[in-house]
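Working notes, beginning with the structure itself.
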Amino acid sequence: AAGVIQSPRHLIKEKRETATLKCYPIPRHDTVYWYQQGPGQDPQFLISFYEKMQSDKGSIPDRFSAQQFSDYHSELNMSSLELGDSALYFCASSLSRSSGGFQETQYFGPGTRLLVL
Amino acid sequence: AQTVTQSQPEMSVQEAETVTLSCTYDTSESDYYLFWYKQPPSRQMILVIRQEAYKQQNATENRFSVNFQKAAKSFSLKISDSQLGDAAMYFCAYRGNNDMRFGAGTRLTVKP
């Protein structure tokens, strides 16, 4: 079965540079979530999109932005990168319920390892 | 805000034995989902099992089962016949009407 695809899988950037992470959800999934997992930490929710609209916002820095496109893929844009942004960034997708938009099980992609030097 | 607590940072089990990982959560919502995710050294997040809060019956997936105590807000994971491949970090997660929250994780070691 098709899974969530993330690209790139690894990324090395310098401080103050920008980075764009891409996520392709499971086919027919309409909701995308972004998480940041620092070394030795649990995943922290950043932001989510449902039907191309932002649905929830977590601990996403103002330097980061994200969007979901018409084909449901999502991009996380990170600017003015800092050393502390080095982490594993997960994208997850789910299929919302037909009513109320209450999303159920989230399926995670393999993650993008970002290293900021 | 919902919080998820995993009080066991590390657990160890002998191969073929049974181990139980604990998870408690705090919420005022009545409708929610609970999950256990496994994160092996590859760091991929793999769904192990899920439980709907409105279901009284405990979820089971092969060697994995949960003990869901809604009143106590407890959601433990039991792994039977432990295998070397079960060694990983296990995260308990809560999903309500907003974002999903994870516990701090329990690192499971399986001894041959």
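The values are calculated or read from the model by the stated rules, or taken from the named source; none is laboratory data. Everything numeric in this text was worked out from a predicted model, so none of it was measured. When we count neighbours, we look across all protein chains shown, and the Cβ atoms used for this are built from the backbone with ideal geometry, even at glycine. Please note that ligands, DNA and RNA were not included when accessible areas were found on the heavy atoms of the full protein model with its side chains. Shrake-Rupley method; radii C 1.70, N 1.55, O 1.52, S 1.80 Å.
Please go through the range B:20-52 and pick out each residue that is surrounded by fewer than 19 Cβ atoms within 10 Å (Cβ to Cβ), away from chain A (no Cβ under 12 Å) and not in a loop (DSSP other than H, G, I, E, B).
B:Thr20, B:Thr24, B:Asp26
Yes/no per residue for (1) without any contact (Cβ under 8 Å) to a residue 40 or more places away in the chain; (2) open to solvent by 50 Å² or more (accessible area, probe 1.4 Å):
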| residue | (1), (2) |
| --- | --- |
| A:Val32 | no, no |
| A:Asp42 | yes, no |
| A:Asp62 | yes, yes |
| A:Leu76 | no, no |
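Any idea which residue in the range B:73-112 is nearest to the other protein chains (Cβ to nearest Cβ), counting only those that are open to solvent by less than 60 Å² (accessible area, probe 1.4 Å) and of a type in the set (Val, Ile, Thr)?
Residue satisfying both the conditions and the ranking: B:Thr106.
I'm trying to understand the selection: among the residues of the range A:1-48, which are touching a Cys at 6+ places or on another chain (Cβ under 9 Å) and either of a type in the set (A, V, I, L, M, F, W, C) or not in a loop (DSSP other than H, G, I, E, B) (or both)?
A:Val4, A:Ile5, A:Gln6, A:Ser7, A:Leu21, A:Lys22, A:Cys23, A:Tyr24, A:Val32, A:Tyr33, A:Trp34, A:Tyr35
Of these, B:Lys55, B:Lys78, which one is in a loop (DSSP other than H, G, I, E, B) and basic (Lys, Arg)?
B:Lys55
Of the residues in the range B:1-19, how many are within 12 Å of the chain's Cα centre (by Cα) and within 12 Å of chain A (Cβ to nearest Cβ)?
3
Looking at the range A:44-60, which of the residues that are open to solvent by less than 60 Å² (accessible area, probe 1.4 Å) and farther than 26 Å from A:Arg16 by Cα is nearest to the other protein chains (Cβ to nearest Cβ)?
If we take residues in the range A:44-60 being open to solvent by less than 60 Å² (accessible area, probe 1.4 Å) and farther than 26 Å from A:Arg16 by Cα, then A:Asp56 is nearest to the other protein chains (Cβ to nearest Cβ).
What are the residues in the range B:57-112 that are more than 20 Å from A:Pro43 (Cβ to Cβ) and of a type in the set (Ser, Thr, Tyr), if any?
Hits for the range B:57-112 are B:Thr60, B:Ser65, B:Ser74, B:Ser76, B:Ser80, B:Ser82, B:Thr109.
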